[in-house]
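J.: Just passing along the structure, written as structure tokens.
FYI, it's all coordinate maths here, none of it is from the lab. Predicted, not measured: the structure shown is a model, and the values here were computed from it. Ideal geometry is used to build each Cβ from the backbone, glycine not excepted, and the neighbour counts take in all protein chains shown.
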Amino acid sequence: MSEFSDLLSQYIRDKDIKVYSMVRYCNMDRSTMYKIINGKRNPPSKKIVDRIAEFMHLTPPEYEKFQTAYQITVTGRTTYYKRKSVENFLLTFPRHTSRTLSSPPLKISFSNQDAKEPSHGCMALSSQLELNDYLHRMLIAESNKENGRIALFLQPDYDFLFGLLASLNSTNSNLYIEHILCLSNSEQMTENQEIYNLLYLRKILPLYIHALNYHPYYFYDDIHSHYNSFNGFPCMILTQSCAITCTSDYKTGILYSEPRTVQMIWELYHTYLNKCFQLFHTVDSVLEECLILGNMGWNDMPSYAIQPEPCLVPFITPGLLENAILPDLPERETILPRLQEYISLSQSRLSNRDSHLYHTRQGIDTFAQTGRILEIPQEIYRPLTIEERIFLLEALTEQCSRGDYRLFKKPLDQIPGNLHLCINTTSGYLLFTDIKEQNIYLVIKEPGLLSAFLDYAESLDDSMLSTAEDTVIYLRNVIRKLKDCL
């Protein structure tokens, strides 16, 4: 028996379904239907599954459960939940925040207003409230220093801590935050069937969104055994003047303030850091962006782009670029040829028939309305004119007939406008904007994340992607509306 056949058999019993009538409705061989019911054969297609569901008059929750059981049976439980975990990550990617840079750091009130100072440089923190209280005081004090420094050795599942960090004043660019976390090299999943590594990635993204000077590093281990065994105080939170060690459930800990003790804990932290790998390479400038993204091997292997607006960079002509780049831009004479080189590489990428670029209707509409292309930092060029937008969309329409560019169907037609994921076998990147409206590129090299993203992208099929013809029809309608504005 399979998960699908078990559920199908249950529905047949509960709803008193006549199998013979269902066979006729689905236009199937009777023996084939009984093999499906008995788990000896999988349904030949999703269309047959839908016909069976129609005949049984399933409610929306029953239908969703039925489809899930089918997908698990076809792909396997592990693969199914791995892909659903990636899909959940994409759909819940942090949207652009409207928080202003002048807003003050988060202020949190605690009942323990008369908290004691540590005696003899050491104090037990015997409750989660007390731990949070002293942690709040410690990090706020460090963030107000001219050259503050915070170090973390724990998982990104301490919601209070990461909410506090995201609230720190991002105008203090000298506050430096280092973080060591444990990643799984075996695609371990949480109780909610979510890949741990993707869960942790989602937890740390707000620190980038809030423009903090944040640097994560990782090592591999079994997450359960490393943090959930009898291992005392495995977590550390350090500033230049204090240190906290605490349990992995963040309910109790020890606060240290004696300078020699704090220094010793810092030295221990650095011995761990020396054995770790940098999780991301962050691209800081337009010139570095052109250099790194142009050397990711896009032309040598299958590659995928998942983003709201279509990738329009390959259709930008030298003349259009020359006119759009701000005339008074510092280093314009250096940036312009680098951008032209990057555009040329993007054009050659399109000649590779293994390039797959997926986007949304909303993304096309947003470009048509704003004339902005996120891959090019908006501070270096003016919004494209309506004529320029029409030119690029017409070039895109012609390219779409090859099937390289396709529109998302549900649920990925709802991906946030701040998400851009490009991936291939050996590298990839996430592109988004922070609260300063600056582009952030996180270059991904970690094999587990690459594998999860690539497997999901490769699994996308006609059930989640519109046809090339439908994509062309939508583009022509957008072009027609733009021409009406001239």
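J.: Let's test the formula: R0 of 41 Å, r as the Cβ-Cβ distance of residue 366 and residue 147. What FRET efficiency results, to the nearest 0.05? Numbers along the way, then the final one.
T.: Numbers: r = 40 Å, r/R0 = 0.97.
The calculated FRET efficiency here is 0.55.
J.: What is the calculated FRET efficiency for residue 386 to residue 126, with r their C-beta to C-beta distance and R₀ = 56 Å, to the nearest 0.05? Could you put the intermediate results ahead of the total?
T.: Working: r = 65 Å, r/R0 = 1.16.
It comes to 0.30.
J.: Another question, then. How big, on average over all directions, is the shadow cast by the Cα convex hull of the stretch 381-486, in nm²? If you can, show how the numbers build up before the last one.
T.: Numbers: hull surface 34.4 nm².
Approximately 8.6 nm², given one-decimal rounding.
J.: Same structure again: Please give the Cα centre distance for the stretch 422-486 versus the stretch 306-333, rounded to the nearest Å.
T.: Going from one Cα centre to the other spans 18 Å.
J.: Tell me the label-point distance for the pair residue 347, residue 436, using the 7 Å Cα-to-Cβ offset, in nm and rounded to one decimal.
T.: Using points 7 Å along Cα→Cβ, the separation is 3.3 nm.
J.: Tell me the trypsin sites (Lys or Arg not before Pro) within the stretch 227-276 that lie in a loop according to DSSP and have at most 10 other beta-carbon atoms within 10 Å. Provide the component values of the computation, followed by the final result.
T.: On the way: sites: 251, 260, 275; in loops: 251, 275.
Taking the stretch 227-276 and a limit of 10 other Cβ atoms within 10 Å, the loop trypsin sites (Lys or Arg not before Pro) found are 275.
J.: How big is D for the stretch 27-81, in µm² s⁻¹ as a whole number, if Stokes-Einstein is applied with the Kirkwood radius of its Cα pairs at 20 °C and 1.002 mPa s?
T.: 181 µm²/s
J.: Another one. Looking at this model, which pairs from 84/203; 46/409; 15/84; 84/409 are more than 22 angstrom apart at the alpha-carbon?
T.: 15/84
J.: Want the number for residue 159 to residue 30: 0.36 nm per residue separation, take away the alpha-carbon distance, what's left?
T.: That pair, residue 159 and residue 30, stretches by 41.0 nm at full extension.
J.: Let me spell out the model: positive unit charges on the Cβ of Lys and Arg, negative unit charges on the Cβ of Asp and Glu, origin at the Cα centre of the chain. What dipole size does that give, in debye rounded to 20? Can you show the working numbers first?
T.: Details: 46 positive and 57 negative charges, 302 e Å.
Charge dipole of the chain: 1440 debye, to the nearest 20.
J.: On to the next question. Are there any trypsin sites (Lys or Arg not before Pro) in the stretch 348-405 that are in a DSSP loop and have at most 14 other Cβ atoms within 10 Å? List them by number. Walk me through the intermediate numbers first.
T.: Details: sites: 349, 353, 361, 372, 389, 402; in loops: 353, 372, 402.
Sparse-neighbourhood loop trypsin sites (Lys or Arg not before Pro): 353, 402.
J.: For the stretch 1-100, divide the Cα radius of gyration by the Kirkwood radius and give the resulting Rg/Rh value with two decimals.
T.: Looking at the stretch 1-100, the ratio lands at 1.14.
J.: Averaged across orientations, what area in nm² does the convex hull of the alpha carbons in the stretch 261-407 project?
T.: With every direction weighted equally, the projected area is 12.3 nm².
J.: Label residue 285 and residue 321 with points 7 Å out from Cα along Cα→Cβ: what is the distance between them in nm?
T.: Between residue 285 and residue 321, the label points sit 1.8 nm apart.
J.: Pull up the cross-link candidates among the lysines for residue 145, meaning alpha carbon to alpha carbon under 21 Å and not fewer than 8 places away within one chain.
T.: The qualifying lysines are 107.
J.: Another one. What translational D, rounded to a whole number of µm²/s, comes out for the stretch 180-229 from Stokes-Einstein when the hydrodynamic radius is the Kirkwood one over Cα pairs, at 25 °C and 0.890 mPa s? The partial results should precede the final answer.
T.: On the way: Rh = 11.9 Å.
For the chosen part, D equals 206 µm²/s.
J.: Compute the length gained on full extension between residue 59 and residue 241: take 0.36 nm times their separation in residues and subtract their Cα-Cα distance, giving the result in nm to one decimal.
T.: In short, 59.5 nm is gained.
J.: Right, another one. Considering only the chain, what is the antiparallel percent among its DSSP beta bridges, to the nearest 5? Don't jump to the answer; show the numbers that get you there.
T.: Details: 38 of 58 bridges.
Here the antiparallel bridges make up roughly 65 percent for the chain.
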